[in-house]
Structure formats: structure tokens, C-alpha cells
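Heads up: the structure comes next, in C-alpha cells.
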Amino acid sequence: EEGSGTVFFSGCNLRCVYCQNVEIAAGVRGKEVPVERLAEIFLELQEKGANNINLVTPSHYYAQIKEALLLVKEQLHIPVISNTSSYESVEVLREMDGLIDIYLADYKYFSRELAAKYSHAEDYPQVAAEALNEMYRQTGEPEFDERGMMKKGIIIRHLLLPGCKEDSKAVLNYLYETFGDSVYISIMNQYTPLEHVKEYPELANENIL
């Protein structure tokens, strides 16, 4: 009820053609803050009653985020969430071990062809699968507080895209075969065909089925 303490990071290591936050993802919105100020922002969000610190698109800033979290680790008493596309290296994720409590992570495609066409990253399925395995290694089984709020674990999101129903089925099959009931899955149906997808007429259809 109190809300999530969301911190958006400018830029993204993917270029999904249907991105709903394209100005932020393209790095044309935002301002520079030093590591010390970032640490202060985390504490300010906690003081305002936020249920968590929600780091949106943080992958390319993990080094600075790690510094900031280490500065306030003893003072921060709410979960830290990495809100990520999952297109990140296992080596970098290991640097965050013990600092991230919850991974709110995408698994966008099972198909390499769709990943190449819509996110310009043919290797996304394999890279993301390895990243998810590392995230699970770090967090383990989901844990909740007395109010039912998640304290630790993974929530894996999948955005349904027009004409991609079979791939969505493959994604869900893979996730269940890999993690069973040890992770939560969020199937998102809020896809909106924005103006910049007009080069992909198949994505201009609001009917995701």
C-alpha cells in the first residue's frame, strides 16, 4: 500500500522496437548523480515509507549501484529489487550477490529469431536463461514477511506480443521445466502499439492473441 521506491536508470542494453519507455531507454532523459547522492536517495525512499528500493534497468550501472548500496547497507531495512531485462552477464550479476534481495526479471523470448528481430539481440534467450539461473542461485526460494510482501526471490515477467503466442507458450514451458514452483511468473498483457512500431505492422495490432 505504501508503494515501491522506484529509481529509473537512463539507457538500456537492449533496443526493443516496441519499448514503452523509449525516451528513458534511449538515454535522452535523466540527470547525473554521484554515488553518494544515489545512496542518499535510497535512504530517503525508505524514510518516506517505500516498501522496497526498485532499481529499474540497472544492469549497466551495477558498479555504481554496488558502491551506493555498500555505503548504506547497515541502514537499509527494506528489500532491494533489480528490475531487469535479464540481458546481463553472470559475471556481473555475481558482483551483486548479497546486495539484491529480489530480481524482477524478464524472459522476453524463447526464439532467437524473435529476439534478433524485435530486440536486436539474437543471443537473448541463452544469455537471459543463464542470468536467471544465477539470480535463482543468489535468492533461492521466495520468502515473505508477515504481511505477505516478498522479501527475497524472483518474479519472472513475460510480455505477450501480437502474433507470438507459440513463443509465449515455449517461454512458459521452459520456465516451469527449469524452476517449477520456485519462482513467481507474471504474464503481462498490457502491450500497447506505440507510434515507433509502425515499421513492424505485425506489432501494430492491439490483439495480443
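Observations, loosely collected:
- Calculated [θ] (222 nm, deg cm²/dmol) that DSSP helices of n ≥ 4 give over the chain, each run adding -39,500 (n - 2.57): -10500 deg cm²/dmol
- Within segment 1-56, GluC sites (Glu not before Pro) in DSSP loop having at most 16 other beta-carbon neighbours inside 10 Å: Glu1, Glu2, Glu32
- Stretch gain in nm, segment Glu44-His196, where the contour uses 0.36 nm per residue and the Cα spacing is subtracted: 51.1 nm
- Full-stretch length increase - Asn173, Phe8 - with 0.36 nm per residue and alpha-carbon distance subtracted: 56.3 nm
- Dipole magnitude of segment 58-170 about its Cα centre (Cβ charges: Lys, Arg +1; Asp, Glu -1), debye to nearest 20: 300
- For segment 27-120, the alpha carbon convex hull comes to 116 Å³ per residue, rounded to a whole number.
- Selection among Ile102, Gly148, Leu14 by position relative to the dipole of the chain gives Leu14 as farthest towards the positive end (Cβ unit charges, Cα centre).
- Bridge orientation summary for the chain: considering DSSP beta bridges with both residues in this region, about 10 percent are antiparallel.
- Euclidean distance of C-alpha centroids, segment 1-58 and segment 103-172, integer Å: 20
- Calculated Rg and Dmax of the chain using C-alpha coordinates, Å: 17.2, 51
- Summary value for the chain: 18 percent relative contact order, contacts being C-alpha pairs under 8 angstrom separated by 6+ residues.
- Solvent-accessible area, 1.4 Å probe, carbon plus sulfur percent, for segment 59-152: 49
- Since only Tyr174, Thr139, Gly163 are under comparison, the one whose Cα sits farthest along the positive direction of the charge dipole of segment 105-198, derived from C-beta charges on Lys, Arg, Asp and Glu, is Gly163.
- Cβ-based net charge around Ser119, under 14 Å, with every Lys or Arg adding one and every Asp or Glu removing one: -2
- Summarised in one figure, the compactness ratio Rg/Rh of segment 120-185, Cα atoms and Kirkwood Rh, is 1.02.
- Computed about the Cα centre, the dipole magnitude for the chain is approximately 320 debye when only Lys and Arg (+1) and Asp and Glu (-1) carry charge, each at its Cβ.
- Among the lysines of the chain, pairs at least eight places apart or on separate chains and with Cα atoms under 17 Å apart come to 7.
- Length gained on full extension, Arg29 to Glu1: 7.3 nm, using 0.36 nm per residue less the C-alpha separation.
- Burial order of peptide ranges 175-185, 4-14 (average beta-carbon count within 10 Å, highest first): 4-14, 175-185
The values are calculated or read from the model by the stated rules, or taken from the named source; none is laboratory data. None of these values were measured; they are calculated from a predicted model. Note: ideal-geometry Cβ built from the backbone for every residue, glycine included; neighbour counts use all protein chains shown. Ligands, DNA and RNA are stripped out before the accessible areas are found, and what is left, the full protein with its side chains, is counted by its heavy atoms. Shrake-Rupley method; radii C 1.70, N 1.55, O 1.52, S 1.80 Å.
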